[in-house]
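> The structure is given below, and queries will be raised subsequently.
The values are calculated or read from the model by the stated rules, or taken from the named source; none is laboratory data. Everything quoted here is computed from the prediction, not taken from an experiment. Because the Cβ atoms are built from the backbone with ideal geometry, glycine has one as well, and the counts that use them run over all protein chains shown. SASA here: full protein model, heavy atoms, side chains in, ligands and nucleic acids out. Shrake-Rupley method; radii C 1.70, N 1.55, O 1.52, S 1.80 Å.
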Amino acid sequence: MRIAIVVLVTGTLVRMFSPALLAPALVAAIYGERRDALVFAAVFVLIALVGTVMLRAGRSAGASEERLRRVEGLAIVAATWLLLAHLSAIPYALAGLGPIDALFESMSGLTATGATVFTNYEAFGRGMFFWRALTHWLGGIGVIALFVAVLPRLAIAGRDLFFAEAPGPTDEKLTPQLRSTALALWRLYAVVTAAQVIALLLAGM
């Protein structure tokens with residue numbers, strides 16, 4: 001297995017994930033939760049920095065943007081999930097959760113499990129709850145599937161990466177091109193999400 005290319009692609013995915021922290025930062029700012037807004041902004045910078053360092057380390061080690069082997073695809077998926085789960089737990093830890101509880105909450109979101117360790121919901125702001133909901137939303141379609149949809153290089157070189165992450169049958173693709181498959185799934189997911197938001201608004205929520 002070529003470790004350098006695993007580090008390179010994992011770093012790319014981590015850096016692409018970092019802007020997700022800006023959404024809860026904006027929500028916290030809108031509701032006047034200045035501390036939480038600063039926390040999410042700082043974690044955004046941290047995650048972007050980690051991704052950039054990994055990307056440059058992979059390139060300096062001689063990694064190139066060539067086709068991934070299956071073992072490398074599996075390693076990238078495992079490394080990305082574990083790293084993002086730990087990084088995504090930082091806002092929870094800074095909000096007062098213990099390290100284990102923060103990691104549990106983060107992993108619960110990115111795997112769309114739904115379990116929570118929250119007991120006192122009044123202790124957390126709207127930005128924190130938005131972050132929790134956002135991680136569940138991203139975990140629902142699969143973070144890796146999203147990256148494959150928006151990153152053309154992985155759409156060409158990352159078939160094993162996609163199918164290592166995607167749930168359900170994997171014997172055949174929904175469309176001839178992997179990127180088209182990921183985009184089709186993402187569009188469907190976005191439409192269902194929008195429909196649910198409209199239904200909740202109509203219900204008075």
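> Can you tell me the accessible area per residue over the stretch 20-128, all protein chains present, probe 1.4 angstrom, in square angstrom?
Roughly 52 Å² per residue, with all protein chains present.
> In whole Hz and in residue order, list the ³J(HN,Hα) couplings for the stretch 98-107 that follow from phi through the Karplus curve 6.51 cos²θ - 1.76 cosθ + 1.60, θ = phi - 60°; x for Gly and Pro.
Using θ = phi - 60°, the values come out as x, x, 5, 5, 5, 5, 4, 5, 5, 5 Hz.
> Quick check for you: which residues of the stretch 1-37 have the amide N under 12 Å from the point 7 Å beyond the Cα of R69 toward its beta carbon?
Those under the cut-off are 1-6.
> Hey, got the dipole for the stretch 4-108? About the Cα centre, +1 on K and R Cβ, -1 on D and E Cβ, debye to the nearest 20?
320 debye
> Which percent of the accessible heavy-atom area of the stretch 8-53 goes to carbon and sulfur, probe 1.4 angstrom?
Exposed carbon and sulfur together represent 74 percent of the surface.
> Once the Cβ-Cβ distance between V45 and L202 is put in as r, and R0 is 35 Å, what FRET efficiency do you end up with, to the nearest 0.05?
0.35
> For I30 and N120 in one chain, what is 0.36 nm times their gap in residues minus the Cα-Cα distance, to one decimal in nm?
So the extension gain works out to 30.2 nm.
> Please give, to one decimal in nm, the separation of the simple spin-label points placed at R59 and A195, each 7 Å out from Cα toward the Cβ.
Result for the modelled spin labels: 4.3 nm.
> Give the residue list of trypsin sites (Lys or Arg not before Pro) in the stretch 53-132 that are DSSP loop and have at most 16 other beta-carbon atoms within 10 angstrom.
R67, R69
> Mind ranking I76, I3 by accessible surface for me, highest first, 1.4 Å probe?
Order by accessible area, largest first: I3, I76.
> Right, another one. Can you send over the carbon and sulfur percentage of the accessible area for the stretch 67-134, probe radius 1.4 Å, protein chains only?
Of the solvent-accessible surface of the stretch 67-134, carbon and sulfur hold 64 percent.
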